[in-house]
Protein chains: 2
Amino acid sequence: MTSSPVSTPDDIATALPAFAEIEAAAKRLHGLAVRTPLLESPALNDRVGGRVLLKAETLQRTGSFKFRGAYNRISQIPDAARAAGVVAFSSGNHAQGVAAAAALLGLPATIIMPADAPAMKLANTRAYGAEVIPYERSSTSREALAVEIAERRGATIVRPFDDAGVIAGQGTCGLEIADQAAALDAQLDALLVCCGGGGLTAGCALAMAERSPNTAVYTVEPEGFDDTRRSLVGGERVSNTEGGKSFCDALLSPTPGHLTFAINQRHAAGGLAVSDAEVAEAMAYAYRTLKLVIEPGGAVALAAVLAGRIEARGKTIAVVLSGGNVDPQAYAEILARESDAA
Amino acid sequence: MTSSPVSTPDDIATALPAFAEIEAAAKRLHGLAVRTPLLESPALNDRVGGRVLLKAETLQRTGSFKFRGAYNRISQIPDAARAAGVVAFSSGNHAQGVAAAAALLGLPATIIMPADAPAMKLANTRAYGAEVIPYERSSTSREALAVEIAERRGATIVRPFDDAGVIAGQGTCGLEIADQAAALDAQLDALLVCCGGGGLTAGCALAMAERSPNTAVYTVEPEGFDDTRRSLVGGERVSNTEGGKSFCDALLSPTPGHLTFAINQRHAAGGLAVSDAEVAEAMAYAYRTLKLVIEPGGAVALAAVLAGRIEARGKTIAVVLSGGNVDPQAYAEILARESDAA
């Protein structure tokens, strides 16, 4: 039940999901995942001098894209293993996705979460019926803890990104973007994806390679946590320096996954990084102008466009808003700071 | 240029917009107004035991539906009258709609706004290039001031609701709801519309009467400002009692319009009213669960569903979220109060 993560080149090649698995995931998710809208704001277009299409995964079930991958993965657990349930480790959005998917499918779920995760993420995960085990970020290996619990119970670990079923599920987001852009007669020059471990990017990149091959897919990460960007530049997986700080709590994974990096290395055009100040400005812009609630980690791709980290003038760029689970007080503080600065 | 509002029965009958004028408005607005999404939230459906479809006019150009009516009306001003510009009076959303529409069409705009309107509404209206004239709610007749300015300049008054061109423009919102619901194979039992002077309701009711005649259209107003509800009950236009209080700044019109009431009397099923506390709860729910920013006046229809003012169990109900222009500090205070209460 506790399949190890793949790591050898042969293992990786064998485990990579094919495009057909994204299509299969879309069938499984039909009627359960929200087909989130691809939004367009005249004010945003005017500001950047291009056309920006916003994939609002903030409006997804559980408030982030993570439900897609979690449900796709859990729905494929063999009958004999279902009663023992699932175990996951997550900073909060994968936690909610796994908890909600397991509840829909009738499996018990245990989620290992940082004790300092946003209160909303902890509360929602419990509200979906999962058992939450808090851990201290500094002192505990969450993965080792998950493996220990899974082995003891015979439960299935649902990894947050380095899993073919999870990647294929996230890829349904990219499939929808390609379909929705085509319905608007929009030729996407680029797609910007918020990136932690790289699962959403990998899924979307696989989908775009098949459906919109001329679209350049970029990861966007917080400064200091741009392990995927640096790995893409260097051609091998590198880790973030320890001790970095960012308020993008959803994007603090230390290293790209084996599977996700193999896919992103092949299909992504490159990586971008944004500062926390740029993310805060994007969140304030989202509130004031877009009327959308976006969490820090969900706003990095929008921040990259607003801060000019990619040239948008005359271009058509799709941007994933990957999640909206942010405590109201934290949002209020960001808005208050931005007002002072304005 | 300063056509009086209609008031005699014959005038009203002559001035009522026909359904064809909504279709004509939709053509004028194509590519300029946002075709806002009709959103669905599994969490909200679960909570009410029915299917709720949310028409997110918060995502409209200028952050509210008002752009639709303003643009439709202003675009029909004869060439000879364009240089003298437009004058409007508004608590803030019509102000922004008129200012943005006039800017797109190249007409100067003067807007009379309450001095205590939300800061965001005042700032945005100015940012669209309009001249803003503040007035004191208690001491000045904003309509008399508008007439005086319009006569002096030869400018055209763009009334906030009692105008066939404005009503037809707002009706495009209803047209989209009918089309979008049909695309989802959803049979709408009811449509709930936030109601101030009744322009949005009248436009939507006209559209639904033609496109979805079995849908019951309800106005939703703040308690103490339910002049339309009481007028519908009594069969004639009545006014709100002076001195009432509500934080739904967009919905404080004292009396239904002549045209809007004539339409709503014929086509609306009835009126609902919600308390400020229910509106605050709806705004908190929108932030936490829907990830949408909704202003008080834009949240009354959602509040009616959440508070059980209409039975949603087993029904399919469309709800207009009419605007999202709310100062961050005001929103933060509502969220903080709701957190304390939770």
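The values are calculated or read from the model by the stated rules, or taken from the named source; none is laboratory data. These numbers come from a predicted model, not from an experiment. All Cβ positions, even for glycine, are placed from backbone atoms using ideal geometry, and neighbour counts span all protein chains on display.
One table, with the values for the structure above:
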read-out	value
Residue count for the range A:203-223, restricted to those that are in contact (Cβ under 8 Å) with a residue 24 or more places away in the chain and not in a strand (DSSP E or B)	13
Selection within the range B:300-342 - touching a helix residue (DSSP H, G or I) at 6+ places or on another chain (Cβ under 7 Å), among the acidic types (Asp, Glu) and not in a loop (DSSP other than H, G, I, E, B)	B:Glu338
Criterion: more than 13 Å from chain A (Cβ to nearest Cβ), out of contact with any His (no Cβ under 8 Å at 6 or more places or on another chain) and either under 22 Å from A:Thr62 (Cα atoms) or among the acidic types (Asp, Glu) (or both) - qualifying residue of B:Ala277, B:Ala303	B:Ala303
Residue within the range B:20-32 that is surrounded by 18 or more Cβ atoms within 10 Å (Cβ to Cβ), within 14 Å of chain A (Cβ to nearest Cβ), under 24 Å from B:Ser212 (Cα atoms) and among the hydrophobic types (A, V, I, L, M, F, W, C) present	yes
Test result for B:Thr125, among the β-branched types (Val, Ile, Thr), in contact (Cβ under 8 Å) with a residue 40 or more places away in the chain and crowded, with 16+ Cβ neighbours inside 10 Å	no
Subset of the range B:216-233 [in contact with a helix residue (DSSP H, G or I) (Cβ under 7 Å, 6 or more places away or on another chain) and either outside the structural domain of B:Gly271 (by TED's automatic domain parsing) or under 21 Å from B:Glu295 (Cβ atoms) (or both)]	B:Thr219, B:Val220, B:Glu221, B:Pro222, B:Phe225, B:Thr228
Filtered residues of the range B:264-278 (kept if part of a helix (DSSP H, G or I) and surrounded by fewer than 20 Cβ atoms within 10 Å (Cβ to Cβ))	B:Gln265, B:Arg266, B:His267, B:Asp276, B:Ala277
Residues satisfying the stated conditions in the range B:285-297, i.e. more than 8 Å from chain A (Cβ to nearest Cβ) and surrounded by fewer than 24 Cβ atoms within 10 Å (Cβ to Cβ)	B:Tyr285
Count - residues of the range B:38-76 that are within 12 Å of another protein chain (Cβ to nearest Cβ) and assigned to a loop (DSSP other than H, G, I, E, B)	2
Among (1) touching a Cys at 6+ places or on another chain (Cβ under 7 Å); (2) over 23 Å from B:Val320 (Cβ atoms) - the single one B:Phe65 does not satisfy	(2)
Residue within the range B:245-254 that is at positive phi, in contact with a strand residue (DSSP E or B) (Cβ under 9 Å, 6 or more places away or on another chain), in contact (Cβ under 8 Å) with a residue 12 or more places away in the chain and outside any helix (DSSP H, G or I) present	no
Inter-residue pairs, beta-carbon under 7 Å, first within 16 Å of B:Ser75 (Cβ to Cβ) and in the range B:154-176, second of a type in the set (Asp, Glu), 6+ apart	B:Ala164/B:Glu21; B:Ala168/B:Glu21
Test: B:Ala15 is within 12 Å of another protein chain (Cβ to nearest Cβ) and either closer than 19 Å to B:Leu200 by Cβ or surrounded by fewer than 16 Cβ atoms within 10 Å (Cβ to Cβ) (or both)	no
Which listed residue, of B:Gln96, B:Gln60, is modelled with pLDDT of 95 or more, outside the structural domain of B:Ala318 (by TED's automatic domain parsing) and under 30 Å from B:Leu290 (Cα atoms)	B:Gln96
Among the residues listed as A:Ser212, A:Ser231, the single one being in contact with a Pro (Cβ under 8 Å, 6 or more places away or on another chain) and crowded, with 19+ Cβ neighbours inside 10 Å	A:Ser231
Unmet criterion (only one of (1) of a type in the set (Gly, Ala, Ser); (2) at pLDDT 95 or above; (3) in the same structural domain as A:Gly196 (by TED's automatic domain parsing)) for A:Ala13	(2)
Count of the range B:185-202 residues which are over 22 Å from B:Ala24 (Cβ atoms), of a type in the set (Gly, Ala, Ser) and not in a loop (DSSP other than H, G, I, E, B)	1
Verdict on A:Val293 being over 20 Å from B:Pro328 (Cα atoms) and not acidic (Asp, Glu)	no
Qualifying position, being within 27 Å of A:Ala178 (Cβ to Cβ) and of a type in the set (Lys, Arg), among A:Arg229, A:Arg237	A:Arg229
Residue match in the range B:172-187 (condition: within 18 Å of the chain's Cα centre (by Cα), acidic (Asp, Glu) and at pLDDT below 95)	no
The one condition in (1) within 17 Å of the chain's Cα centre (by Cα); (2) on the phi < 0 side of the Ramachandran plot that B:Asp79 fails to fulfil	(1)
